[in-house]
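The values are calculated or read from the model by the stated rules, or taken from the named source; none is laboratory data. Remember, it's a predicted structure, so these values are computed and weren't measured experimentally. A quick note on method: Cβ atoms are made from the backbone with ideal geometry, for glycine too, and the neighbour counts reach across all protein chains shown.
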Amino acid sequence: MDFKDPKNQILVLIVIVFLALIYVWYQKFYTPYAAELTSKKDRLEKILSNLHAVQQRAAGLQTLQQDYEAQAKRYEAVRLLLPEIKEDERFLSQVHIAAQVTGSVVMSVIPQPPVPKDFYMSNTYLVELSCTYHGLGEFFAKVANFPFIVTISDVQMAAIDQNVASQTKSLRKKDHTLMASFKLTTYNVRGGDIAGGGHAQ
């Protein structure tokens with residue numbers, strides 16, 4: 001290319017001016033806008049990340065709320081069915097009445113330590129009963145109709161030994177042929193007063 005040619009000189013000058021304009025545009029306009037665009041992009045990503053975290057927490061709170069409501073309903077159902085406190089006297093009264101009505105004799109009632117459950121306390125009593133086979137069935141039927149929830153478990157039966165101690169003979173009736181031992185369990189709402197254990201007859 002002949003740089004002495006005025007046409008070529010003009011062409012080179014135009015190219016130089018064009019490159020200079022591009023450089024000025026890049027430095028004064030594109031670079032600041034690019035930096036601002038990058039900053040806004042970073043802010044957008046941060047906002048989206050925070051939004052996702054909030055959504056996750058909201059979902060967790062909703063799950064906790066649902067769990068709480070379900071637990072509250074379960075507790076309310078238990079509270080309506082069970083007494084507020086352990087009622088030893090009422091229980092013993094019902095047991096002895098059931099024994100009298102069925103011709104049985106309560107030999108002993110031994111309260112066991114209360115066992116805490118999710119929303120209630122489980123109170124077990126070891127009961128020994130002198131009776132007949134028919135009387136035992138009637139006694140269990142009476143227990144099933146107690147004015148509070150009672151469960152029967154670990155039933156064991158043995159024929160009465162005629163050589164038992166004289167004191168035991170004096171407690172039971174002559175026609176009794178069976179000595180039954182079993183567990184009776186009552187329930188009360190957890191958080192109520194728990195009566196202490198002991199031995200009752």
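Side notes on the structure shown:
- Some residue of the range 5-16 being surrounded by 10 or more Cβ atoms within 10 Å (Cβ to Cβ), at pLDDT below 70 and either among the acidic types (Asp, Glu) or in the same structural domain as PHE119 (by TED's automatic domain parsing) (or both): yes
- Scope the range 106-131; condition crowded, with 18+ Cβ neighbours inside 10 Å and among the β-branched types (Val, Ile, Thr); matching residues: VAL106, VAL109, THR124, VAL127
- Condition met for PRO147 (modelled with pLDDT under 95, assigned by TED's automatic domain parsing to the domain that holds LYS183 and either in contact with a strand residue (DSSP E or B) (Cβ under 7 Å, 6 or more places away or on another chain) or surrounded by 14 or more Cβ atoms within 10 Å (Cβ to Cβ) (or both)): no
- Test for PHE140: is it within 36 Å of the chain's Cα centre (by Cα) and within 18 Å of ALA158 (Cβ to Cβ): yes
- Residue match in the range 188-201 (condition: over 35 Å from the mean Cα position of the chain (by Cα) and at pLDDT below 70): yes
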